[in-house]
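Reading through the structure tokens given below for one structure.
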Amino acid sequence: MEPLAVHQMIETDDIARLRTSFAALIPRSDEAASLFYQELFRRAPQVRVLFTSEPFEHGQKFMMMLASIVDWLSDPEKLVAECRALGKRHVGYGAKPEHFEIVGGALIYALEQMLKEKFTPEIQASWVKLYRLISDCMLAEF
């Protein structure tokens, strides 16, 4: 995916919604990560074996990566390059293309549960766009 395509997919309004909603998660980032992984493993218990580090540590890494991705929204070239590198790493972890839809569903579920009434249809649409962009970049490495 070319950086220009990223810029066309993720619009200024999306970036504002993504940043505002992610900022609301920061004080409860450990809880958000825990909820995400609980939902992921509920939906796909077979992927649990792919996670070799301590769950808390993995949750922290996940939230830090999300924070970086939200930050990179203003730099589409960096966003694409970093998401492709993330895809390469996930190939090495044993991730499969079919896992991406499950991960996306678990992410949207966790965001909805954490943000409650603040998780508006517009915010959901922005997160879905972002996840689609991330997964497309990552899947280009599979």
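The table below lists the values:
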read-out	value
Failed item, numbered, when Asp75 is tested on (1) closer than 24 Å to Lys116 by Cβ; (2) surrounded by fewer than 19 Cβ atoms within 10 Å (Cβ to Cβ); (3) of a type in the set (D, E, K, R)	(1)
Qualifying residue in segment 97-104 (condition: within 21 Å of Tyr37 (Cα to Cα), outside any helix (DSSP H, G or I) and touching a residue at least 40 places away in the same chain (Cβ under 8 Å))	yes
Members of segment 90-109 that are under 15 Å from the mean Cα position of the chain (by Cα) and of a type in the set (D, E, K, R)	Glu101
Scope segment 38-64; condition in a loop (DSSP other than H, G, I, E, B) and not β-branched (Val, Ile, Thr); matching residues	Ala44, Phe51, Ser53, Glu54
Residue in segment 110-141 that is nearest to the chain's Cα centre (by Cα), counting only those that are outside any helix (DSSP H, G or I) and over 15 Å from Glu82 (Cα atoms)	Phe119
Test: residue in segment 17-38 that is under 16 Å from the mean Cα position of the chain (by Cα), surrounded by fewer than 17 Cβ atoms within 10 Å (Cβ to Cβ), without any contact (Cβ under 8 Å) to a residue 24 or more places away in the chain and under 17 Å from Leu133 (Cα atoms)	no
One residue from Leu133, Leu139 being out of contact with any Ser or Thr (no Cβ under 8 Å at 6 or more places or on another chain), farther than 24 Å from Glu31 by Cβ, surrounded by fewer than 19 Cβ atoms within 10 Å (Cβ to Cβ) and among the aliphatic types (A, V, I, L, M)	Leu139
Selection count where residues are assigned to a loop (DSSP other than H, G, I, E, B) and hydrophobic (A, V, I, L, M, F, W, C), scope segment 65-96	2
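Values quoted throughout were computed directly from the atomic coordinates according to the rules given, and no laboratory measurement underlies them. Small disclaimer: the values here were computed from a predicted structure and weren't measured. Note that each Cβ is placed from the backbone with ideal geometry, even for glycine, and that neighbours are counted across all protein chains shown.
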